[in-house]
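First comes the structure, then the notes that go with it.
The values are calculated or read from the model by the stated rules, or taken from the named source; none is laboratory data. Model, not experiment: these values are computed from the prediction. With ideal geometry, Cβ positions are generated from the backbone for all residues, glycine too; neighbour counts draw on all protein chains shown. To get the accessible areas, we keep the full protein, side chains included, count just its heavy atoms, and leave off ligands, DNA and RNA. Shrake-Rupley method; radii C 1.70, N 1.55, O 1.52, S 1.80 Å.
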Amino acid sequence: MPEVTDLSTHPVLLKTALPGPLAQAEIARQKPHMSPSLIHCYPLMVKRAAGCMVEDIDGNVLLDVQAGVATCSTGHCHPAVAEAVSRQMHTLVHICGTDFFYPGYGELCERLDRLAPPNPGGWQTFLTNSGTEAVEAAIKLSRYHTGRSQLIAFRGGFHGRSLGSLSLTASKPKYRKGFGPLTPGTHHVDFGDWESIEKVLFHTTVPANEVAAIVVEPIQGEGGYIIPQASFLQNLRRICDENGIMLVFDEVQSGMGRTGKMFALEHFGVTPDIILAAKGIASGMPLGAMIARKEIMTWPGGSHGSTCGGNPVCIAAALATLDLIEGGMMQNAAVVGADFKQMLSDGLTGNPGVHEVRGVGLMIGVEFTAPQIAHDVANLCYERGLLVLECGTKAIRMSPPLMITREQCIVASSIFTQAVRDVVNKQ
Ligand code: PLP
């Protein structure tokens, strides 16, 4: 079989059963040297990727509708991002943004200030290497600015795995098991249940005037692609305003055009005090951002920093990524995302194993009636050349690159709906 040349436009092609012999051999050789904490949902060893297509080391070509966990926003190896990164590699790789100035750092902060929702006082940004570090920065800034210690987060939420962010994460017990004690003073309520913050928490366990921040994903990602009522986020805003609490929106997964708007918060008309971004911001280069209202950025020089956070190469990737997202990909996410959701809904209507198809833009979840169905469907999709990821307790998420075409969605939807039929029929 000839070498695949233009990978980005190539159809799904299975030369071997998956995993192929080369992948099996390499995984068997390498895995014993790797941390057993890694998940490895599929025995897939990726050689290269372009657009929405991924080629494994056996020459199989798969359609990727998970984008490296919602991260390769502009598609794998977008030429404009690759070019910007490569140019920057020959200009300035590192000098440390905490201690020195370089043009890209402030330029990206200025750009994010413009992209965040209108705020009379403006925004200021701290750049990090990851989403988790953006969450850590938000915890620290909220505590510093308010002089308070307590935090409120939501069941089903995912905010990272460092000890501070893990204290907020409440999506699966395996993330926390064995790592306690976590940060004291972290309280969880059900996602969507703002009433119990006011009626229960504030009257039983935590005085409102000791709470530094309420941290929430405007659309839960890892927890199952769950879209709340606008009134939930609006009430959180009110509770924060009434009690001097910082409202933090973790948009690490939902931000950067994924929902058809730059930030998911725009669907709800609520402006928080702090917005967190990462994942799609730099098309797969490690970068995160904590964007905070200027008036709450009261921490002094030296109180927070990072050696590589916001390094010039990742910033070059981010600026090129934002050009592409603003230059049409966000619009594509809105239009093609709506079509994709409709295709999935049409294909799954009446299937007794499917509970719900939901989503906004290219953040689409399919919830099943049992965890095993989600698991089996994900595996069958992989065997048939489609990469998806599970989320929540019994759901699968689709978070493809924002440049996915309608034709690729037709292929994805057809592989997916057939896999669901086959799994459910076998039950
Ligand atoms: N916050 C949210 C909403 C996430 O989905 C994730 C990762 O999945 C994180 C934070 C952590 O980001 P990272 O893995 O880049 O540290």
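Observations on the structure shown:
- Scan of region 14-70 for residues that are open to solvent by less than 20 Å² (accessible area, probe 1.4 Å), under 18 Å from S283 (Cβ atoms) and among the β-branched types (V, I, T), ordered by number: V54, V65
- Hits in region 64-98 - residues which are without any contact (Cβ under 8 Å) to a residue 12 or more places away in the chain and either over 30 Å from Q408 (Cα atoms) or among the aliphatic types (A, V, I, L, M) (or both): A82, H90
- For region 211-241, a tally of residues being in contact (Cβ under 8 Å) with a residue 60 or more places away in the chain and within 16 Å of the ligand (Cβ to nearest atom) returns 14.
- Residue in region 86-103 that is closer than 27 Å to I364 by Cβ, open to solvent by less than 40 Å² (accessible area, probe 1.4 Å) and within 27 Å of the chain's Cα centre (by Cα) present: no
For (1) among the acidic types (D, E); (2) touching an Asp or Glu at 6+ places or on another chain (Cβ under 8 Å); (3) outside the structural domain of L319 (by TED's automatic domain parsing), each residue gets a yes or a no:
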position: T91; (1), (2), (3): no, no, no
position: D99; (1), (2), (3): yes, no, no
position: C109; (1), (2), (3): no, no, no
position: W123; (1), (2), (3): no, yes, no
position: N129; (1), (2), (3): no, no, no
position: R143; (1), (2), (3): no, no, no
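- Among (1) touching a Phe, Trp or Tyr at 6+ places or on another chain (Cβ under 7 Å); (2) part of a loop (DSSP other than H, G, I, E, B), the one test that N351 misses: (1)
- In region 339-351 there is at least one residue that is at positive phi and either touching a His at 6+ places or on another chain (Cβ under 8 Å) or open to solvent by 40 Å² or more (accessible area, probe 1.4 Å) (or both).
- Within region 157-201, the set of residues being within 16 Å of the ligand (Cβ to nearest atom) and of a type in the set (A, V, I, L, M, F, W, C) comprises F158, L163, L166, L168, A170, F179, L182, F191.
- Sub-9 Å Cβ pairs linking a first residue in region 1-29 that is within 12 Å of E55 (Cα to Cα) and assigned by TED's automatic domain parsing to the domain that holds Y42 to a second residue that is of a type in the set (V, I, T) and open to solvent by 50 Å² or more (accessible area, probe 1.4 Å), at least 6 apart or interchain, are P11/V411; V12/V411, ordered by first then second residue.
- Test: residue in region 214-231 that is among the charged types (D, E, K, R) and either open to solvent by 40 Å² or more (accessible area, probe 1.4 Å) or not assigned by TED's automatic domain parsing to the domain that holds A138 (or both): no
- For region 74-162, the helices (runs of 4 or more DSSP H) that sit wholly inside it and include 3 or more residues that are acidic (D, E) are 103-115.
- When each of T71, T91 is tested for being of a type in the set (S, T, N, Q) and within 16 Å of the ligand (Cβ to nearest atom), the lone residue that passes is T71.
- Candidate set: region 130-156, residues that are small (G, A, S) and surrounded by fewer than 21 Cβ atoms within 10 Å (Cβ to Cβ); chosen: the one nearest to the ligand (Cβ to nearest atom): S130
- Looking across region 263-272 at every residue that is outside any helix (DSSP H, G or I) and open to solvent by less than 10 Å² (accessible area, probe 1.4 Å), the one that is farthest from the ligand (Cβ to nearest atom) is identified as V270.
- For R421, the conditions (1) over 28 Å from L112 (Cβ atoms); (2) among the basic types (K, R); (3) within 22 Å of the chain's Cα centre (by Cα) all hold with the exception of (3).
- Filter result (within 16 Å of the ligand (Cβ to nearest atom) and either part of a loop (DSSP other than H, G, I, E, B) or over 30 Å from E198 (Cα atoms) (or both)) within region 242-261: E251, V252, Q253, S254, G255, M256, G257, R258, T259
- All of (1) open to solvent by less than 40 Å² (accessible area, probe 1.4 Å); (2) within 16 Å of the ligand (Cβ to nearest atom) hold for A316 with one exception: (2).
- Some residue of region 278-290 being more than 13 Å from the ligand (Cβ to nearest atom), under 24 Å from A212 (Cα atoms), touching a residue at least 12 places away in the same chain (Cβ under 8 Å) and touching a Pro at 6+ places or on another chain (Cβ under 9 Å): no
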